[in-house]
1. How long is the gain from residue 35 to residue 96 if the chain were fully straight, where each residue apart is worth 0.36 nm and the alpha carbon distance is subtracted?
2. Which value in nm describes the separation of the simple spin-label points at residue 50 and residue 176, placed 7 Å from the Cα toward the beta carbon?
3. How big is the gap, in Å, between the Cα center of region 1-20 and the Cα center of region 116-141?
4. Computed over the Cα atoms, what is the radius of gyration of region 2-199 divided by 2.2 N^0.38 Å, N being its residue count?
5. Suppose all protein chains stay in the model; what accessible area per residue would a 1.4 Å probe give for the chain, in Å²?
6. Can you give me the % of accessible surface on the chain that is carbon or sulfur? Probe 1.4 Å, all protein chains present, nothing else counted.
7. What does the charge count near residue 196 come to, summing +1 for each Lys or Arg and -1 for each Asp or Glu among other residues with Cβ under 9 Å from its Cβ?
8. What distance in nm separates the simple spin-label points at residue 119 and residue 23, each placed 7 Å from Cα in the Cβ direction?
Amino acid sequence: MLDADFFRRWMTTAAASVDREAERLTALDSAIGDADHGSNLQRGFRAVTAALEKEAPDTPGAVLTLAGRQLISTVGGASGPLYGTLLRRTGKALGDAPEVGGEQLAEALRAGVDAVMKLGGAAPGDKTMIDALVPAVDALGNGFGAARAAAEEGAVATTPLQARKGRASYLGERSIGHQDPGATSSALLIAALADTAEADGE
Ligand code: ADP
Ligand code: MG
């Protein structure tokens with residue numbers, strides 16, 4: 001079972017990964033966006049880490065809800081409200097249970113990803129974070145490692161696509177040939193989840 005501490009460690013692991021990869025995310029966003037994705041997420045996840053330390057939420061749902069709120073209020077850009085919605089909606093679906101199982105997490109994440117699709121209007125194949133998140137959630141039933149691999153594969157597979165949502169879509173065909181920054185950061189988020197689970201022997 002996964003408790004609040006597990007979810008806190010997921011978020012701090014994600015924050016560390018975003019710190020390490022911020023330059024790469026920004027470089028990807030400079031090719032097909034406005035070169036702020038790494039710095040946007042770095043600011044957001046630093047705020048998440050600080051808020052979790054200060055408020056010490058004691059259920060999985062409360063950890064993700066707080067993290068989502070922080071992302072919405074600090075990230076800005078398109079990705080702030082989208083990632084914020086992902087975590088808030090997932091947290092809400094977990095309710096106030098003190099511990100949750102893997103299957104419950106998979107279902108909650110599915111609700112979170114659905115909310116992101118509804119908010120942003122993106123479908124798989126539009127070259128957005130959805131292209132990493134949907135395969136990850138689909139694979140989660142086969143374990144955290146399978147979800148990590150599916151998210152990474154989904155992110156890489158955005159390269160030949162033409163963007164149909166977000167800033168990159170303004171480039172039309174010129175968006176082809178570049179990996180989507182948001183799909184790349186989503187793969188980092190899912191990898192952080194898998195790393196946290198593996199560190200626990202899940
Ligand atoms: P901005 O585009 O406002 O500068 P960011 O650079 O932080 O915001 O994030 C860009 C990423 O957000 C894109 O790479 C894409 O994955 C994601 N994104 C943008 N618009 C949408 C959308 N409508 N639905 C899903 N994801 C989106
Ligand atoms: Mg940007």
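1. Values: separation 61, 0.36 × 61 = 21.96 nm, distance 3.80 nm.
My answer for the length gained is 18.2 nm.
2. Result for the modelled spin labels: 4.4 nm.
3. What the calculation gives is 21 Å, centre to centre.
4. Compactness ratio reported: 0.93.
5. About 43 Å² of surface per residue is accessible.
6. 50 percent
7. Residues near residue 196 contribute -3 overall.
8. So the label points at residue 119 and residue 23 sit 3.0 nm apart.
The values are calculated or read from the model by the stated rules, or taken from the named source; none is laboratory data. No experiment lies behind these values; they were computed from the predicted model shown. As a convention, Cβ positions derive from the backbone with ideal geometry for all residues, glycine included, and neighbour counts pool all protein chains shown. Please note that ligands, DNA and RNA were not included when accessible areas were found on the heavy atoms of the full protein model with its side chains. Shrake-Rupley method; radii C 1.70, N 1.55, O 1.52, S 1.80 Å.
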